[in-house]
Structure formats: structure tokens, C-alpha cells
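Here's the structure we're looking at; comments come further down.
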Amino acid sequence: MIPIIIAVLLLLLVGCGSNNIQGNLQKVGLLLEGEIDDQSWGEKGYQGLLSIKEEYDVDVEYKEEVLTEQEVKDTVKEFVRDGVNLIFGHSSNYGKTFFEISNEYPDVHFVYFNGTYYNDNVTSLTFNSHAMGFFAGMLASEMSQTNQVGIIAAYQWQPEIEGFYEGVKYQNPTTDVQMSFIYDWNDYQIALEMYENMKEQNVDVFYPAGDAFSEQVIKRASDDGLYAIGFVSDQYEIDPNTVLTSTVQHVDRLYNVTAEKFSKGELEGDIQTFDFKDDYITMGEFSPEVSEEFQDALNNAIEQYIDSGFLPNQ
């Protein structure tokens, strides 16, 4: 009789411990515009989802290539039917639809990235990419031998574009900045065409500001013996002599932080901003092509920004 009572008590203790960890968290869903094995942004989201599964011992679901508004609505309905009450949309493009349908699902919290929509149960996790663009611009301007640098971006509204321009001009006002926009996160073929056009204009340092095409542009720059700066992931290993450094966004870490807040009932519906000071944005490994002296200067500028909140040009 006593062993049975002990066994029951142990089961209750285990169950209570699990519930304490999970809190409000029941099941987690993830929507992706691309695929989980893209070796960049999408993979980081998937790794974030797996970390939640491991940490909180909850079931997770994901769906790839969810692109249209109707696909978002259908996927959300499917997730909710399966018991999901925390849904991540791994893109800024999910914000509008999440906002529009959020009142239909008051028991579900929606989370997406780098947008301006929010509601009581909609949260935007936003990286301050203006600053990372600024420091990328400083490095590009310093390393250019032709005084011609280029940024290939998906959309004009990306904050790192203005930051890159300001950083370039701060480091060397005579360096010209060429800009091209794809108007698509995934079309690397157009990105390569833009790369070739810039190369013809003597651009010798490239900042491909789109995770789905940055690797392709870096590989082309490597073939041509030119420089590039990695985007979102540390892309140093592609070619240490080409990748001067990378502007790294640790989006996978935010998944666990967000799940923890939600489990405790502390996740607010608002716009939350993350930057160098939070250690969610960092610079990647430096190429041996970058002098130790300039590495130190750039790192000092970042530290001063962390301490003061002001960029070197402010």
C-alpha cells in the first residue's frame, strides 16, 4: 500500500513540476515564409521552436511556405484546432494578418518580427537594425579600395539601409554608396544580377541585406576576389578572406525568452525592441583582411554605443 501511495505522490510531483514550467504554455506553432533548412533566417526560427520544445516539454507544430493572407488564416485555424496557444510568424509580413484576426482568437498570443502592428495579444519583436547597418557601413567604407560600396536589400524600408549609408559616410565621406532593391526576400537570381551591375560600377565591398540571398552574393564576391559583409547569420566560414564580418541577429534566442514570458503570463502585446545592448545583435568573426587596429576601433565604437545609446555620428 505504501509503495503505491509513494508512486502516486511522485507522479503528482512530476506533473506539478511540469505545469509550473509550462505555465500558460500549451502548444506552440510556427509559420515560415521559406523552409526550415535554408541555413539562415528560417532555420534560426526552427531552432528557436525546437529550443522551446526541449525547455518546456510541449508539443510544437510548424508549416513552411505560408505566403498568402488566406494561407496564414488557414494555418492559424489549423493550429488553434490542434491546441496551439502561442503562434510565431517568422517574418514581418505576418503582422498585418495577425493583427486583423487576433480578436477572433483571444486565448492565443501571436508573435512576429520587425513590424509595427500590435494588439493585446499581438507582439512584434523588432531588431534595431539601423545600428548594425551603421557599423557594417563603417567597415565597408574602411575596406573599400575603389571608394565604391554597395548594399543589395529586399525593401527600401529596411532600417539597416539608412544605417549603412550613414556609417559609410561617417568613416569616409568620399565613399559612394550604391543601392539596389529586389522587392522580394527570396529572389537570389535578381540579387546576383544586381551584384553584377554594381561590380561593373567598381563596387568592391557588398552588403547583401537579405538572409535568403546573402550567401549567394557572398559566394559570387568570393569568386571575384571582392569583399562582402554577412547578414543575420555569421557567414565567416563561407570564405574568411571575403567575409569581412557579419551583422548577426540572434533571433533563435528570442523564442525561448518569449515563451518564458508567455508561460508566466508576462508577455505583453506591444512592440519590443532588441539591440547590441541586449546582446541579441552582435558582429560576427572578423576576416584576417581587417586590421587588428580597425577591429579594435569598431568594437570600441560599438561599446560606446551600448553605453550611451548614441552612434558615433550623433
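The values are calculated or read from the model by the stated rules, or taken from the named source; none is laboratory data. For clarity, every value in this text was computed on a predicted model and none was experimentally measured. Reconstructed Cβ throughout: ideal geometry from the backbone, glycine too, with neighbour counts over all protein chains shown. Accessible surface areas use protein heavy atoms only, side chains included; no ligands, DNA or RNA. Shrake-Rupley method; radii C 1.70, N 1.55, O 1.52, S 1.80 Å.
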Margin query: Scan the range 257-275 and tell me whether some residue there is out of contact with any Ser or Thr (no Cβ under 9 Å at 6 or more places or on another chain), more than 25 Å from Tyr165 (Cβ to Cβ) and polar (S, T, N, Q).
Written below: yes
Checklist line | Scope the range 250-269; condition over 13 Å from the mean Cα position of the chain (by Cα), of a type outside the set (Lys, Arg) and not in a helix (DSSP H, G or I); matching residues | finding: Gly265, Glu266, Leu267, Glu268, Gly269
Item checked: Tally, over the range 60-83, of residues that are of a type in the set (Phe, Trp, Tyr) and not in a strand (DSSP E or B) -> 1
Next item on the list: Go through (1) in contact (Cβ under 8 Å) with a residue 40 or more places away in the chain; (2) open to solvent by 30 Å² or more (accessible area, probe 1.4 Å) and name the single condition Asp275 misses.
Entry: (2)
Next item on the list: Give the residue that is nearest to Thr126 (Cα to Cα), with candidates limited to residues of the range 270-310 that are in contact with a His (Cβ under 8 Å, 6 or more places away or on another chain) and assigned to a loop (DSSP other than H, G, I, E, B).
Entry: Tyr280
Checklist line | Subset of the range 292-314 [open to solvent by 60 Å² or more (accessible area, probe 1.4 Å) and closer than 15 Å to Met138 by Cβ] | finding: Glu293, Asp296, Asn299, Asn300, Glu303, Gln304, Phe310, Asn313, Gln314
Notebook entry, point to check: If you check Ser141, Ser92, which single one turns out to be under 16 Å from the mean Cα position of the chain (by Cα), crowded, with 20+ Cβ neighbours inside 10 Å and either touching a residue at least 12 places away in the same chain (Cβ under 8 Å) or under 28 Å from Asp279 (Cα atoms) (or both)?
Noted result: Ser92
Check: Is it fair to say Phe206 is in contact with a Gly (Cβ under 8 Å, 6 or more places away or on another chain), open to solvent by less than 30 Å² (accessible area, probe 1.4 Å), modelled with pLDDT of 95 or more and of a type outside the set (Ser, Thr, Tyr)?
Finding: yes
Check: Residues Glu237, Glu193, Glu215: which one is surrounded by 17 or more Cβ atoms within 10 Å (Cβ to Cβ) and either under 18 Å from the mean Cα position of the chain (by Cα) or assigned to a helix (DSSP H, G or I) (or both)?
Finding: Glu215
Checklist line | Unique match (being buried (at least 20 other Cβ atoms within 10 Å of the Cβ), of a type outside the set (S, T, N, Q) and within 19 Å of Gly42 (Cβ to Cβ)) among Phe127, Phe134 | finding: Phe127
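Rundown of residues vs (1) among the aromatic types (Phe, Trp, Tyr); (2) more than 23 Å from Glu160 (Cβ to Cβ); (3) out of contact with any Leu (no Cβ under 6 Å at 6 or more places or on another chain), yes/no style:
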position: Asp107; (1), (2), (3): no, yes, yes
position: Asn114; (1), (2), (3): no, no, yes
position: Tyr117; (1), (2), (3): yes, no, yes
position: Ser124; (1), (2), (3): no, no, yes
Next item on the list: Of the conditions (1) open to solvent by 20 Å² or more (accessible area, probe 1.4 Å); (2) assigned to a strand (DSSP E or B), Thr247 clears all except one; give me its number.
Entry: (1)
Item checked: Residue that is most open to solvent (accessible area, probe 1.4 Å) [pool: residues in the range 218-228 that are in contact with a helix residue (DSSP H, G or I) (Cβ under 9 Å, 6 or more places away or on another chain) and part of a helix (DSSP H, G or I)] -> Lys219
